Amino acid sequence: MTAPAFLDVGNRRIAYRWRAGAGPALVFLPGYGSDMEGAKATALDAFAERRGVAMLRLDYSGTGSSEGRFEDGTLAAWLEESVQAVDQLTEGPLLVIGSSMGGWLALHLALLRADRMQSLVCIASAADFTNWGFADAAAARKAGLAIGFWESGQQLLLLDGEIAIDRPVRLLHGEHDRDVPLDIAFRTMRALRSSDVQLTVLKDGDHRLSEPREIAAILRTVAALLEPQP
């Protein structure tokens, strides 16, 4: 495997992999503590290669091949890195795919770059997990979550109001997800302003959704969004 490229965002240096190809470009945002070499990310990259589609994947600062300390990471910093990577490395329409916490970031990216968003796929999206996953800062600290991250997340909550995204959104969630309750997927669906939102519940699926049949469902979803709309 070739070494990743690097992008400077402020005083942080993040790793990324870019595959040139046709648009819309796929953008994959990994989950909390995950990186761009996971099963879903690499399956999507192989899919992009087969289809001749452009794809960007990245490691947030402090994760994977990126520089920095994981415990210094915040949702706001990782969102900034995602936005800067998209702005500096891609052109034209985007199909953004976010996994778990990456789904939360993907929603924010879609809001911040609405003019470029073609569609959005959220896999086991953990939107607002600092709010529903922990009673307070003390509970977050006890569970091992950095307080800076928890505080940052509390400033970026989405589910208590309308999420002003008007593009097609596809939500995929495991029936037996023990980390992100299925209700969060329904709350996300209801909060989205778009009238083109579909929620797919994968039977017996857990939070990772990395089994071959689950990855196949993700790839089918992305492929359908790449087809010309009637």
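Please specify each residue of region 120-144 satisfying the condition of being farther than 22 Å from Leu182 by Cα and either open to solvent by less than 10 Å² (accessible area, probe 1.4 Å) or charged (D, E, K, R) (or both).
If the condition is that a residue be farther than 22 Å from Leu182 by Cα and either open to solvent by less than 10 Å² (accessible area, probe 1.4 Å) or charged (D, E, K, R) (or both), then Arg141, Lys142 are the ones that fit.
Looking at region 170-190, which of the residues that are among the hydrophobic types (A, V, I, L, M, F, W, C) and surrounded by fewer than 21 Cβ atoms within 10 Å (Cβ to Cβ) is nearest to Leu226 (Cα to Cα)?
Going through the qualifying residues, I end up with Met189.
Just to be sure, is Ala216 assigned to a helix (DSSP H, G or I), hydrophobic (A, V, I, L, M, F, W, C) and touching a residue at least 12 places away in the same chain (Cβ under 8 Å)?
no
Across region 54-82, what is the number of residues that are closer than 19 Å to Ser119 by Cβ and either of a type in the set (Gly, Ala, Ser) or open to solvent by less than 10 Å² (accessible area, probe 1.4 Å) (or both)?
Total meeting the criteria: 4.
Looking at region 212-230, which of its residues are farther than 15 Å from Leu171 by Cβ and either at pLDDT 95 or above or among the aliphatic types (A, V, I, L, M) (or both)?
Correct list: Pro212, Arg213, Ile215, Ala216, Leu219, Ala223, Leu226.
Please state which one of Ala140, Ala146 is farther than 30 Å from Gly23 by Cβ and without any contact (Cβ under 8 Å) to a residue 24 or more places away in the chain.
Ala140
Which residues, taken from region 69-112, are assigned to a loop (DSSP other than H, G, I, E, B), touching a strand residue (DSSP E or B) at 6+ places or on another chain (Cβ under 6 Å) and among the small types (Gly, Ala, Ser)?
The one that is assigned to a loop (DSSP other than H, G, I, E, B), touching a strand residue (DSSP E or B) at 6+ places or on another chain (Cβ under 6 Å) and among the small types (Gly, Ala, Ser): Gly92.
Taking the criterion of being modelled with pLDDT under 95 and polar (S, T, N, Q), would at least one residue in region 113-133 satisfy it?
yes
Would region 17-34 turn up any residue that is under 12 Å from Ser66 (Cα atoms), assigned to a strand (DSSP E or B), touching a strand residue (DSSP E or B) at 6+ places or on another chain (Cβ under 8 Å) and small (Gly, Ala, Ser)?
No, region 17-34 has no match at all.
Limited to region 1-48, what total is found for residues that are open to solvent by less than 50 Å² (accessible area, probe 1.4 Å) and among the acidic types (Asp, Glu)?
Number of matching residues: 1.
Looking at this structure, is Gly161 within 17 Å of His207 (Cβ to Cβ), open to solvent by less than 70 Å² (accessible area, probe 1.4 Å) and without any contact (Cβ under 8 Å) to a residue 40 or more places away in the chain?
When the stated conditions are applied, Gly161 does not pass them.
Please pick out the residue among Arg193, Arg167, Arg208 that is surrounded by fewer than 16 Cβ atoms within 10 Å (Cβ to Cβ), of a type in the set (Lys, Arg) and at negative phi.
Unique residue meeting the criteria: Arg193.
The values are calculated or read from the model by the stated rules, or taken from the named source; none is laboratory data. These figures come from a predicted structure and were not determined experimentally. Counting neighbours? That spans all protein chains shown, and the Cβs are built from the backbone with ideal geometry, glycine included. With ligands, DNA and RNA removed, areas are computed over all heavy atoms of the protein, side chains included. Shrake-Rupley method; radii C 1.70, N 1.55, O 1.52, S 1.80 Å.
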